[in-house]
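Enquirer: Please read through the structure below; I'll follow up with questions.
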Amino acid sequence: MPARGFYVTTPIYYISGTPHIGHAYSSVAVDIIARTARAHGPARSLTGTDEHGQKVAQAAEAAGATPQAYVDALAPRWRELQIAYDTRFDDFIRTTEPRHARASLALFERMRANGDVYESVYEGWYCTNDETFWPESKLIDGRCPNPECRRPVEWLSERNWFFRLSAYRDRLLELFRTDPDFLRPQSRYNEMMAVLEGGLDDLSISRSSFDWGIPLPGGGVLYVWFDALINYISALGWPDDPDGRFATFWPGVHVIGKEIARFHTLIWPAMLWSAGLEPPARVFAHGWILAEGEKMSKSLGNVIEPFALAERFGADAVRYFLFREAPFGTDFSISREKLRQRLNSDLGNDLGNLLRRSLAMLDRYRDGLVPEPTAGSIAEGVSDLPARVRDHVLAMRLREGLDEIWNLVTTLNRSIDERKPWELAKAGRGDELDAVLYDLCEGLRWLSILLFPYMPSKATEMWRQLGLSGTPEVRWPDELTWGRLAAGTQTDPGLPLFPRLEPEPDETEA
RNA sequence: GGCUCGGUAGCUCAGCGGUAGAGCGGGGGACUCAUAAGCCCUAGGUCGUAGGUUCAAAUCCUACCCGAGUCACCA
């Protein structure tokens with residue numbers, strides 16, 4: 001861990017959309033990374049909503065509300081998603097907040113002062129739905145070429161501000177070449193390199209045909225994407241930085257969906273450079289969650305509803321599934337059946353049952369009191385586990401982090417079968433029995449701490465059953481030392497951590 | 001169509017120049033502390049196809065087939 005602060009963000013979510021499992025996925029990923037980082041030093045996480053743009057203005061009008069009233073009514077839904085998935089952010093930014101407008105205008109002015117912003121007339125065919133200008137050649141029968149849109153386009157002639165993005169191509173190429181980890185995974189990196197090698201066009205960064213956006217001096221508003229990106233630094237208090245947050249936490253790490261890699265790795269760094277600031281430290285573009293191998297869509301009727309999912313399986317089980325099922329970064333499929341199987345097998349059988357059988361034996365043989373270990377232990381094999389988990393998580397190898405943690409789960413289960421506490425008890429070999437029982441409790445304490453970022457609620461319940469005070473949200477370097485668990489601790493077994501789930505009636509069994 | 005990524009045991013994936021691996025599922029076994037959980041044993045898969053380079057190729061090169069993505073401002 002570097003001494004400076006660790007800063008990690010989700011994309012800001014377009015407020016008029018419907019929260020779905022992909023949003024939860026981004027948020028949980030950032031939450032896991034941030035909780036792990038906090039266990040080692042100063043860390044901040046950020047999420048929020050993107051509230052400007054013509055689409056929002058039109059939706060508001062259709063709903064008979066002012067844009068501001070409209071977005072105010074929608075914002076709580078996005079906070080609810082955070083609650084449903086137990087994600088905890090240090091800040092939640094809305095692009096309609098004054099602090100964001102201030103930062104956006106300041107950035108715009110700095111870019112202009114540096115000569116990277118110029119005024120020009122933009123004429124062309126414009127699709128309101130996509131908020132995009134299309135070249136004549138792309139139109140299909142005079143309509144928007146986006147297959148999911150296909151609405152009629154209109155001829156617009158606007159005097160707008162443009163950003164000299166083309167001037168930053170060489171610098172971007174250098175960034176990509178000198179830091180191959182700047183954008184991951186590799187496939188996204190390759191794609192952006194291809195775009196760079198093809199050259200960049202200047203970018204229109206204001207709109208004058210509608211007014212729902214951050215107003216510019218002299219008329220017009222900032223283009224929604226331009227202001228959206230700035231959220232990452234406006235939330236840190238830039239440019240005034242009264243609390244020193246920007247100085248401490250920027251540059252940060254952005255977790256995004258793969259479809260917006262271009263904005264985050266080409267446009268955003270160039271904007272920052274133009275204003276004399278550092279580009280983000282790293283961008284991780286994750287894949288999509290598919291339903292049975294297909295993209296979720298309303299027309300296919302296969303949309304997985306995030307609130308119902310968390311309700312049925314529990315936030316922690318879904319969180320676990322999302323990051324155990326596939327390497328972070330790739331597309332993968334989700335289904336209720338797969339989720340149930342993971343829950344029963346990994347969480348119920350391996351982990352939940354380990355806690356239960358361990359505490360049951362402690363109860364039976366030692367009245368639930370953690371014994372004094374006087375014989376050998378399994379400590380040698382696990383000493384470097386926390387560092388391995390930390391390295392994986394902070395490098396966004398979230399699946400590998402869980403794999404490592406599960407090695408300890410397996411080690412503890414195996415150790416029970418090998419050392420056979422029931423035989424030790426019958427034979428009156430008290431020291432050896434104490435050693436086994438201590439190892440189990442201490443191992444479970446470790447698991448509680450290591451799993452806290454992934455499954456905060458269940459990890460806390462483990463902690464409670466182990467009879468520990470406080471929560472498993474502790475500094476890893478201090479607490480993950482074998483033997484810190486105090487002898488004499490009174491444990492408090494409870495209900496099964498992950499009760500077995502029976503198949504749903506409509507579920508097809510494999 | 002250009003470009004990118006992938007095609008390895010039933011499923012999900014790791015390996016990426018040196019005698020084919022893991023988890024899950026399936027099959028078998030010994031136990032009993034436990035959520036009929038856990039533990040041990042068990043997969044003989046022409047590593048998409050066809051060529052090539054090499055003493056040696058899932059592992060490098062070429063062509064092709066299949067799937068996905070991107071080029072088109074939805075996590």
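Enquirer: Quick one: how many residues across segment A:294-345 are in a loop (DSSP other than H, G, I, E, B), open to solvent by 30 Å² or more (accessible area, probe 1.4 Å) and either at pLDDT 90 or above or within 21 Å of A:Thr18 (Cα to Cα) (or both)?
Expert: 11
Quick grid of which residues meet (1) in contact with a Lys or Arg (Cβ under 8 Å, 6 or more places away or on another chain); (2) closer than 23 Å to A:Glu479 by Cα; (3) in contact (Cβ under 8 Å) with a residue 40 or more places away in the chain:
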site: A:Asn344; (1), (2), (3): yes, no, yes
site: A:Leu359; (1), (2), (3): no, yes, yes
site: A:Asp367; (1), (2), (3): no, no, no
site: A:Pro373; (1), (2), (3): no, yes, yes
site: A:Ile378; (1), (2), (3): no, yes, yes
site: A:Arg388; (1), (2), (3): no, yes, no
site: A:Leu394; (1), (2), (3): no, yes, yes
site: A:Ile416; (1), (2), (3): yes, no, yes
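Enquirer: Would you confirm, using the coordinates I've provided, whether A:Phe321 is more than 30 Å from A:Arg4 (Cβ to Cβ), in contact with a Leu (Cβ under 6 Å, 6 or more places away or on another chain) and free of Cβ contacts under 8 Å to residues at least 24 places away in the same chain?
Expert: When the stated conditions are applied, A:Phe321 passes them.
Enquirer: Here's a follow-up. If a residue must be touching a strand residue (DSSP E or B) at 6+ places or on another chain (Cβ under 9 Å), open to solvent by 30 Å² or more (accessible area, probe 1.4 Å) and among the small types (Gly, Ala, Ser), how many such residues does segment A:188-217 contain?
Expert: Total meeting the criteria: 2.
Enquirer: Sticking with this one: I'd like the full set of residues that are over 33 Å from the mean Cα position of the chain (by Cα) and open to solvent by 70 Å² or more (accessible area, probe 1.4 Å), limited to segment A:102-123.
Expert: A:Arg112, A:Ala113, A:Asn114, A:Glu119, A:Val121, A:Tyr122, A:Glu123 - these are the residues of segment A:102-123 that are over 33 Å from the mean Cα position of the chain (by Cα) and open to solvent by 70 Å² or more (accessible area, probe 1.4 Å).
Enquirer: Could you pull out the residue among A:Leu351, A:Leu359, A:Leu394, A:Leu402 that is buried (at least 17 other Cβ atoms within 10 Å of the Cβ), over 30 Å from the mean Cα position of the chain (by Cα), among the aliphatic types (A, V, I, L, M) and not assigned by TED's automatic domain parsing to the domain that holds A:Val253?
Expert: Step by step, each of A:Leu351, A:Leu359, A:Leu394, A:Leu402 is checked, and only A:Leu359 is buried (at least 17 other Cβ atoms within 10 Å of the Cβ), over 30 Å from the mean Cα position of the chain (by Cα), among the aliphatic types (A, V, I, L, M) and not assigned by TED's automatic domain parsing to the domain that holds A:Val253.
Enquirer: Right, here's the next one. Scanning for something over 19 Å from A:Ser187 (Cα atoms), touching a residue at least 60 places away in the same chain (Cβ under 8 Å) and not hydroxyl-bearing (Ser, Thr, Tyr), does segment A:255-266 turn up at least one residue?
Expert: No, segment A:255-266 contains no residue that is over 19 Å from A:Ser187 (Cα atoms), touching a residue at least 60 places away in the same chain (Cβ under 8 Å) and not hydroxyl-bearing (Ser, Thr, Tyr).
Enquirer: Among the acidic types (Asp, Glu) and either open to solvent by 70 Å² or more (accessible area, probe 1.4 Å) or within 19 Å of A:Pro11 (Cα to Cα) (or both): is that true of A:Asp243 in this structure?
Expert: yes
Here is a yes/no grid of residues against (1) outside the structural domain of A:Asp241 (by TED's automatic domain parsing); (2) within 30 Å of A:Glu337 (Cβ to Cβ); (3) open to solvent by 10 Å² or more (accessible area, probe 1.4 Å):
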position: A:Pro251; (1), (2), (3): no, no, yes
position: A:His254; (1), (2), (3): no, no, no
position: A:Lys258; (1), (2), (3): no, yes, yes
position: A:Arg262; (1), (2), (3): no, no, yes
position: A:Gly276; (1), (2), (3): no, no, yes
position: A:Pro279; (1), (2), (3): no, no, yes
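Enquirer: Go through segment A:218-231 residue by residue and tally those that are away from RNA strand B (no atom under 13 Å from the Cβ) and open to solvent by less than 20 Å² (accessible area, probe 1.4 Å).
Expert: Here the count works out to 2.
Enquirer: Continuing with the same structure: Which of the numbered conditions does A:Gly368 fail, given that it passes all the others? Conditions: (1) open to solvent by 10 Å² or more (accessible area, probe 1.4 Å); (2) more than 30 Å from A:Ile21 (Cβ to Cβ); (3) out of contact with any Phe, Trp or Tyr (no Cβ under 8 Å at 6 or more places or on another chain).
Expert: Failing condition for A:Gly368: (1).
Enquirer: Determine, yes or no, whether A:Asn407 is part of a helix (DSSP H, G or I), touching a residue at least 60 places away in the same chain (Cβ under 8 Å) and either within 8 Å of RNA strand B (Cβ to nearest atom) or open to solvent by 60 Å² or more (accessible area, probe 1.4 Å) (or both).
Expert: Taking the combined requirement at face value, the residue does not satisfy it.
The values are calculated or read from the model by the stated rules, or taken from the named source; none is laboratory data. All values reported here derive from a predicted model rather than from experimental measurement. Virtual Cβ from ideal backbone geometry, glycine too; neighbours counted across all protein chains shown. Please note that ligands, DNA and RNA were not included when accessible areas were found on the heavy atoms of the full protein model with its side chains. Shrake-Rupley method; radii C 1.70, N 1.55, O 1.52, S 1.80 Å.
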